[in-house]
Amino acid sequence: MKRRPLIVQKFGGTSVGTIERMQNVARLVAGEYRSGHDVVVVASAMAGETNRLIELAHLASPDPEPRELDCLLTTGEQVSVALLSMILNQMGIPARSILGFQMGMHTDTAHTKARIVALDRARFEASIDERIVLVAAGFQGIAPDGHLTTLGRGGSDTTAVAIAAELDADFCDIYTDVDGVYTADPNVCPDARRLERISYEEMLELASTGAKVLQIRSVELGMKYNVPLRVRSSFSGGPGTLVVKEEAAMEDVLVAGVACDKNEAKISLRAVADRPGMAALIFTPLAEANIVVDMIIQNVALDGTTDVTFTVPRTDLKQALAVMNRASSALGIQRIESDDRIAKISVVGVGMRSHAGVATTMFRALSDEGINIQMISTSEIKISGVIEAKDADRAQRALHAAFGLARAPSASTPRGTKPKTAVAKKGTVAKPKRGSTATKRKRAR
């Protein structure tokens with residue numbers, strides 16, 4: 001039997017922040033359902049609820065046990081999916097709430113930062129066949145030992161994309177309080193422009209460098225399983241931004257966007273012995289503590305020692321320092337310094353692979369503003385620099401202007417003269433028929 005088109009819709013905390021906003025969300029769901037689509041909804045906790053629960057936990061204990069914290073935090077989504085299901089049923093749309101353990105969202109045992117291992121497809125298919133809208137709790141799962149887990153901040157995005165991949169959905173629509181992906185943060189750069197489409201790789205780099213629109217792990221899943229993502233607004237409507245595989249035209253674009261991450265901190269290890277294996281000894285305990293290390297630089301001195309400087313999320317700074325202090329004697333670290341008054345500024349674009357001059361333009365723009373770069377890292381499609389946090393907004397505006405990102409795209413602009421804006425290519429993604437052997441994606445594992 002021919003399957004109906006399937007759409008997974010994810011709604012963030014702001015979108016479900018009040019009953020009135022939930023009613024608006026329900027109308028969006030009803031619109032897709034009544035147009036003939038099968039729909040699975042993923043909802044976050046109501047705006048502010050997760051923070052409220054975290055505050056309660058810290059009132060109860062200065063250092064809450066991660067297992068109990070996960071047990072507490074999962075209640076936020078339980079409230080929102082139940083209320084949204086009630087509203088949908090009241091509107092005549094058959095709906096049923098489902099929690100992480102009920103949908104078979106299997107994760108590892110890393111409490112508060114769990115990763116998805118597998119998802120039970122059969123839990124969804126029966127309801128979809130009956131034309132029931134499942135309203136799934138985002139952000140949560142169940143570990144092999146039966147304990148509840150959470151996926152970390154932004155985990156509802158990851159939940160939605162994992163479900164879309166497992167069910168071979170035609171689209172995964174991520175609804176937020178913005179109407180797409182912009183060339184920069186519109187709150188900092190008022191002339192920032194919405195992109196009609198962007199590649200997975202560019203979105204992944206933007207997400208990893210501070211853009212808050214999509215959670216990085218959700219983009220990784222989307223790219224791995226080729227799930228077309230649409231970033232849309234639950235308030236203003238419109239097509240939003242389409243996140244898809246890289247297309248040939250995208251390489252004509254030098255820079256797609258500027259991002260800034262203010263959740264950064266820097267740790268410097270002074271006078272470390274310069275011998276083989278030291279880097280592994282330094283970073284292994286950090287990895288074991290689930291601390292993600294980003295940028296790393298090393299300066300070797302003539303006396304046989306080296307200084308190692310690296311960045312971590314500011315929220316992990318206290319834990320990272322504790323790990324390094326415990327290891328300092330064994331590693332012979334003479335001194336440990338830290339700085340949480342930094343930010344990471346980045347420019348991203350797949351066109352960097354085939355165009356020169358991006359670094360020059362970036363560094364000159366920051367220099368003209370009197371902004372010092374403390375650390376630099378690059379990838380094929382990204383250049384990042386660590387700067388003082390107080391300069392972050394000024395740096396974003398300077399780079400946005402230097403790369404001409406506020407201009408409308410112009411085909412007449414000669415390639416290689418000035419960096420061009422992202423190509424906003426019209427149209428939609430042609431999706432093959434669902435269930436086709438040639439296009440069937442692997443299940444999310």
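The values are calculated or read from the model by the stated rules, or taken from the named source; none is laboratory data. Since the model is a prediction, treat every value here as computed from it, not as a measurement. Virtual Cβ from ideal backbone geometry, glycine too; neighbours counted across all protein chains shown.
A few points about this structure:
- The residue of segment 1-43 that is surrounded by the fewest Cβ atoms within 10 Å (Cβ to Cβ), among those that are polar (S, T, N, Q) and under 25 Å from residue 75 (Cα atoms), is 18.
- One residue from 19, 54 being closer than 25 Å to residue 232 by Cα, aliphatic (A, V, I, L, M) and modelled with pLDDT of 95 or more: 19
- Unique residue being in a loop (DSSP other than H, G, I, E, B), modelled with pLDDT of 95 or more and closer than 25 Å to residue 95 by Cα when the list is 118, 165, 169: 169
- Restricting attention to segment 183-195, the residues being in contact (Cβ under 8 Å) with a residue 12 or more places away in the chain and either in the same structural domain as residue 235 (by TED's automatic domain parsing) or outside any strand (DSSP E or B) (or both) number 9.
- Any hit, segment 211-225, residues being modelled with pLDDT of 90 or more, over 16 Å from residue 348 (Cα atoms) and not assigned by TED's automatic domain parsing to the domain that holds residue 31: no
- Among the residues examined, residue 233 does not qualify as surrounded by fewer than 24 Cβ atoms within 10 Å (Cβ to Cβ), within 19 Å of residue 311 (Cα to Cα) and either out of contact with any Lys or Arg (no Cβ under 9 Å at 6 or more places or on another chain) or outside the structural domain of residue 350 (by TED's automatic domain parsing) (or both).
- Only listed residue being closer than 26 Å to residue 31 by Cβ and among the aliphatic types (A, V, I, L, M), chosen from 214, 206: 214
Here's the yes/no breakdown for (1) crowded, with 18+ Cβ neighbours inside 10 Å; (2) within 24 Å of residue 259 (Cβ to Cβ); (3) polar (S, T, N, Q); (4) touching an Asp or Glu at 6+ places or on another chain (Cβ under 7 Å):
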{"position": "311", "(1), (2), (3), (4)": "yes, yes, yes, yes"}
{"position": "316", "(1), (2), (3), (4)": "yes, yes, no, no"}
{"position": "320", "(1), (2), (3), (4)": "yes, yes, no, no"}
{"position": "332", "(1), (2), (3), (4)": "no, no, no, no"}
{"position": "348", "(1), (2), (3), (4)": "yes, yes, no, yes"}
{"position": "357", "(1), (2), (3), (4)": "no, yes, no, no"}
{"position": "364", "(1), (2), (3), (4)": "no, yes, no, no"}
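- Those residues of segment 273-311 which are among the hydrophobic types (A, V, I, L, M, F, W, C), more than 28 Å from residue 382 (Cα to Cα) and without any contact (Cβ under 8 Å) to a residue 40 or more places away in the chain, in sequence order: 301, 302
- Some residue of segment 95-113 being over 22 Å from the mean Cα position of the chain (by Cα), surrounded by fewer than 18 Cβ atoms within 10 Å (Cβ to Cβ) and closer than 24 Å to residue 14 by Cα: yes
- Screening the candidates 127, 156 for the property of being part of a helix (DSSP H, G or I), at pLDDT 95 or above, touching a Lys or Arg at 6+ places or on another chain (Cβ under 7 Å) and crowded, with 24+ Cβ neighbours inside 10 Å yields one hit, 156.
- Counting only helices (runs of 4 or more DSSP H) that fall entirely inside segment 1-108 and contain at least 3 residues that are among the β-branched types (Val, Ile, Thr), the qualifying elements are 19-34, 66-90.
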